[in-house]
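The values are calculated or read from the model by the stated rules, or taken from the named source; none is laboratory data. Only a predicted model underlies this, so the values are computations on that prediction, with no experimental measurement involved. Every residue, glycine as well, gets a Cβ built from its backbone with ideal geometry; the counts of neighbours run over all protein chains shown.
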Amino acid sequence: MTGDAFRRRDLAKIHLAKKELGLQDDAYRELLKGVTGKTSSADLTATERMELIRSLEKLGAKSTAKPYPGRPPKPKADVASLTRKIEAQLTEAKRPWAYANAMAKRMFGVEMVQWCDADQLGRIVAALTYDARRHGRDK
């Protein structure tokens, strides 16, 4: 898809959501102004279009996005936060991601940290915390 095709697709999503929610033009423009600071969706950047689409979805518009076949599901917020915590602990210990991957393999038989679930990530965080205390890096 070209940039113009993405733009047309996003604008179509916006106007379908507007119609689905039954927003009058003045209410829609007020929402648009509040979210992006602009009064016309034609003037929006790609980022602003996505912000507006998310805002419309929060108001109850259904997402028309179809998942790409074979794409893994988006990580849940707790998985993402635990992954960031592991990254911070590795940085503080001056260790590479290979260290955490080796931990995942040894502890759970999982090749990579990215393939761990939230419970497994929590256990890796606990092990890295224990390691930090053992080496005097706890604060």
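Details
- Among the criteria (1) part of a helix (DSSP H, G or I); (2) over 22 Å from the mean Cα position of the chain (by Cα); (3) modelled with pLDDT of 90 or more, the one residue 19 does not fulfil is (3).
- Residues (of a type in the set (Ser, Thr, Tyr) and either modelled with pLDDT of 85 or more or surrounded by 16 or more Cβ atoms within 10 Å (Cβ to Cβ) (or both)) located in segment 57-95: 81, 83, 91
- Restricting segment 96-132 to residues that are small (Gly, Ala, Ser) and under 17 Å from residue 79 (Cα atoms), the residue that is surrounded by the fewest Cβ atoms within 10 Å (Cβ to Cβ): 126
- The condition (being in a helix (DSSP H, G or I), in contact with a Leu (Cβ under 9 Å, 6 or more places away or on another chain) and acidic (Asp, Glu)) is satisfied by just one residue among 131, 78, 119: 78.
- Residues of segment 81-105 that are within 13 Å of residue 131 (Cβ to Cβ) and either touching a Ser or Thr at 6+ places or on another chain (Cβ under 8 Å) or assigned to a helix (DSSP H, G or I) (or both): 86, 89, 90, 92, 93, 99, 100, 102, 103.
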